Structure formats: structure tokens, C-alpha cells
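Here the structure is laid out as C-alpha cells; the discussion comes afterwards.
The values are calculated or read from the model by the stated rules, or taken from the named source; none is laboratory data. Just so it is clear, the model here is predicted, and its values are computed rather than measured. Here the Cβ positions follow ideal geometry from the backbone for every residue, glycine too, while neighbour counts run over all protein chains shown. Ligands, DNA and RNA are stripped out before the accessible areas are found, and what is left, the full protein with its side chains, is counted by its heavy atoms. Shrake-Rupley method; radii C 1.70, N 1.55, O 1.52, S 1.80 Å.
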Amino acid sequence: MKLIKKNSPNHYNGRAEWKADMICFHQTGGTLVTPALNWYMNKAAQCSPNYVIDTNGDVYQLVDPDHAAWANGTATKANEKTFYGCSLSKIVRDRATNANYYTYSIEFVHCQWGNINEAQIAAAVELIKTVIVPHMRKNGVTPKIDREHLVGHSDITPKTRDPEKFNCPGKSFPYDEIISRVLGKTPVKTAESAVALAVGDKVTIKDSATTYAGVSAKIPAGFKDCSKIYTVSKVMSDRVLLKELYSWVWIKDLEKR
Ligand SMILES: [Zn+2]
């Protein structure tokens, strides 16, 4: 792995009182590394990740991991689209602060739908194993290499980064592959499955939901607000009954809280 160090001005000094223990993956949007680097090095951009991984596997460090990069911030006001309370990550919701403070951010160049190439996967695994994990340990953090701590931008701010679309990092992003390789295990492909729900679970309805299960009646937009939390009262294979609405909703349309 080639690590090229640059120093973007787009970061906080330090990480407030936080120690980073999560990794957030992104895609740059463009197909070339140079315009991306120029943008992140430009003060006017007001954004930069800690790392950018080019299509050939070269790694650029733009913000030292001691500092919080400006890549996946969350807002503290409920009316903002990046409000932490809307995050799909329970950790982000519970921490109730700017997610930049406790995340290492990694951008991948030309990563349509999250399909990064082998050179990029190998570089990411090496970066995590040889730089990020030692940095966590240096800070007294016990690294947790799992899907709760290795997340996508769209997990953190789903209202601005739709997980179903190609943006940030995209629905094909190989989280499980990276996690397995960092842990030194054989990659396990997990089947794309709906969340397992049980009676009593708390859920919210995704923005992408359209109708109630099995009927043409539309779910009102107000019911899909991330502050509206419902209780599962009955479970079938593909749908659940929500106690507060007394309606059946497809499991695929729900987010477990
Ligand atoms: Zn992003």
C-alpha cells in the first residue's frame, strides 16, 4: 500500500472529547483522483475525508487520524436533514453529536453503486489493519470490526444519502468482504435479507415506503418521519402489524430502532 500524505485544511483540530472507533465509507462521485484531491484540499470546499483510495489502490491521507475530518457530519437540530436522530446507526443516534468526531472517513474513487475494485478492497483492508486499528489501540480503544462500526455515509445520514441509490458509498459496497478480510477470515457473503423483527421491537418506517402491506392505501408522509417510533405487535414472514397504526407494513419498509 502506498500512503501519500497531504494536509487538507478541512478538518477540526482534534476530535473534541471523542476517540474514533468507527469507520465511514464514501465514494467521491467522480472517476479520477486528481479533481477529488484538489477539491478536498481547497478551503472553499469545506469538506474532506481522512483518506482517499484511488482505483489503483494508492491511499491519500488528507486529514491526520488524530483530527476529525469534515466528511459525514451530523446535525443536532431535529429539523435538519443530517440530524443524528435520523441515522440508521444506533450508535450515531445514541451519541447525539457530530459523527465526524468519532469516525475515520475513507473515500473511494469511481465507486459506482459501491462497486470498488480488488486493488481498492486490498488497500482499504491494509489501511484499516496497519494504520486505523493501531491508531485506535494507541488511543486505548478496543477495535470492533463489525457492521455496527464499519458503516456507510448513507447509514449515518440517510436523508441526504439514500442507501438505495449509488451515492455514498452505494448499495453494492462490500462491507462484509472488508470486515472478513480485516479479521483474517474467509469472506462470507451474507444474503440480502430483511431485518428480523419480533413482537415488541421498536421500528420506524423508511422514507422509501409507499403503501401498507397488501393494500393500495398509501402511508402518509408524516408517518414516515424518523421521530415516529412504532411497536411491532404481530409478525408474519414479510410483514408486521404496527400497534400504534393498527396496520400491516412490509418488513422491507421498516428500520429497527
Ligand atoms: Zn459521503
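Worth a mention:
- Criterion violated by E244 - all others in (1) of a type outside the set (S, T, Y); (2) under 20 Å from S87 (Cβ atoms); (3) open to solvent by 20 Å² or more (accessible area, probe 1.4 Å) satisfied: (2)
- For region 205-242, filtering for residues that are out of contact with any helix residue (DSSP H, G or I) (no Cβ under 6 Å at 6 or more places or on another chain), hydrophobic (A, V, I, L, M, F, W, C) and assigned to a loop (DSSP other than H, G, I, E, B) leaves 6.
- Candidates are the residues of region 1-29 that are within 26 Å of D176 (Cβ to Cβ) and among the small types (G, A, S); the one that is farthest from the ligand (Cβ to nearest atom) is A20.
- Selected residue (criterion: farthest from the chain's Cα centre (by Cα)) from residues of region 71-94 that are over 17 Å from G152 (Cβ atoms) and surrounded by 15 or more Cβ atoms within 10 Å (Cβ to Cβ): E80
- Test: residue in region 3-15 that is open to solvent by 20 Å² or more (accessible area, probe 1.4 Å) and in contact (Cβ under 8 Å) with a residue 60 or more places away in the chain: yes
- Yes/no for Y175 being assigned by TED's automatic domain parsing to the domain that holds V235, open to solvent by less than 50 Å² (accessible area, probe 1.4 Å) and at pLDDT 90 or above: no
- Residues that are touching a residue at least 60 places away in the same chain (Cβ under 8 Å), open to solvent by 40 Å² or more (accessible area, probe 1.4 Å), assigned by TED's automatic domain parsing to the domain that holds A36 and among the charged types (D, E, K, R) occur at least once in region 116-137.
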